[in-house]
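> My structure is below; once you've seen it, I'll send some questions.
FYI, it's all coordinate maths here, none of it is from the lab. Remember, predicted model here, so these are calculated numbers, not experimental data. We place every Cβ from the backbone using ideal geometry, glycine too, and count neighbours over all the protein chains shown.
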Amino acid sequence: MAKQKSVIPMVGTIGGINFYFLHGKPVARIAGGGFNSKDVRTKKSMQRVRENGSEFGDCSRVNKKFREALRPFYSHHKFTFFHSRLMTLFTAIKALDVVSARGKRQVFKGLEHDAGKALLRDFKYTPDCVLSQVLPFESTMDWATYTFQFPRFSVDRVSFIAGATHVALQFGVLDFNFETLEYALHMADGQMLPKDFAGTRLSMTSTSFPAGLGTPLAVLGIRYYQEVDGAMYLLHAQNGVGIAVVSIK
């Protein structure tokens, strides 16, 4: 792979060279190689490729809908490799489906196991802003009332990014069906906390409640703001968004 150096970057295939954009940068590489589509569809030796492709498709569909469901927590922010990192997560969960034949394993069946739920809960969704490090507090989730709490909170222990004067916390219960890909997000009222916040306890309760659509996930998000002359401005730093699945029912 090589970088393009020209006044006008090209896209397409010329003289056996593919020109395209990768992560927003113009690159070029030799065209061809690999297998053609007919080989993949018909050759016996391509059976494993077909199986992997089928399972990849399921993971990709879950990935797309899951990112869509989480979007209120990261609106107006662009992640690096968010799609590919989530593909790694859902591929690992899919592999826990020990009931289905190879090529037909699915994410929702992997989540029927505690190990699958642990992978979903413990995954670092935002490695540049890990919530357990930004908010190093013991937390509780009351599924009877859909209430998330920090029983002992101190703003002095919260990690603020450069330029931030406030931190905004968002909490919601994501009711997500990993089989049908239907979902509903039930948000709590957000909390905007200044650096001199004096409270010692935080509690957030979703204003609506899941109706049994799928698997209920407690999701916590964090964004940073800067106050200037009484106006609040959202900061767009790479480490300015944190998302975590803090509990699964």
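> For A211 and T145, FRET efficiency with R0 = 22 Å and r from the beta-carbon atoms, rounded to 0.05?
Working: r = 16 Å, r/R0 = 0.72.
Once rounded, the FRET efficiency stands at 0.90.
> If I model a spin label at S100 and S75 as a point 7 Å from the Cα along the Cα→Cβ vector, what separation in nanometres do I get?
Placing both labels 7 Å beyond Cα along the Cβ direction yields 3.3 nm.
> Give the peptides 185-196, 124-135 in descending order of average Cβ contacts within 10 Å, highest first. Don't skip to the end; give the middle numbers.
Details: 185-196: 14.9, 124-135: 17.8.
Final packing ranking: 124-135, 185-196.
> Additional query: Got the relative contact order for region 44-159 handy, in percent, Cα pairs under 8 Å and 6 or more residues apart?
Working: 98 pairs, mean separation 23.3, N = 116.
Here the relative contact order equals 20 percent.
> Obtain the nm distance between the two label points defined at E182 and F137 by a simple spin-label model: each point lies 7 Å from its Cα along the Cα-to-C-beta direction.
3.6 nm
> Ok, one more. What chymotrypsin sites (Phe, Trp or Tyr not before Pro) in region 71-102 are in a loop by DSSP, with at most 15 other Cβ atoms within 10 Å of the Cβ? Walk me through the numbers before you get to the answer.
Numbers: sites: F73, Y74, F79, F81, F82, F90; in loops: Y74, F79, F81.
Within region 71-102, the qualifying chymotrypsin sites (Phe, Trp or Tyr not before Pro) (loop, at most 15 other Cβ atoms within 10 Å) are F81.
> Pop a pseudo-label 7 angstrom from the Cα along the beta-carbon direction at both D196 and Q226 and give the gap in nm to one decimal.
Reported label-point gap for D196 and Q226 is 2.0 nm.
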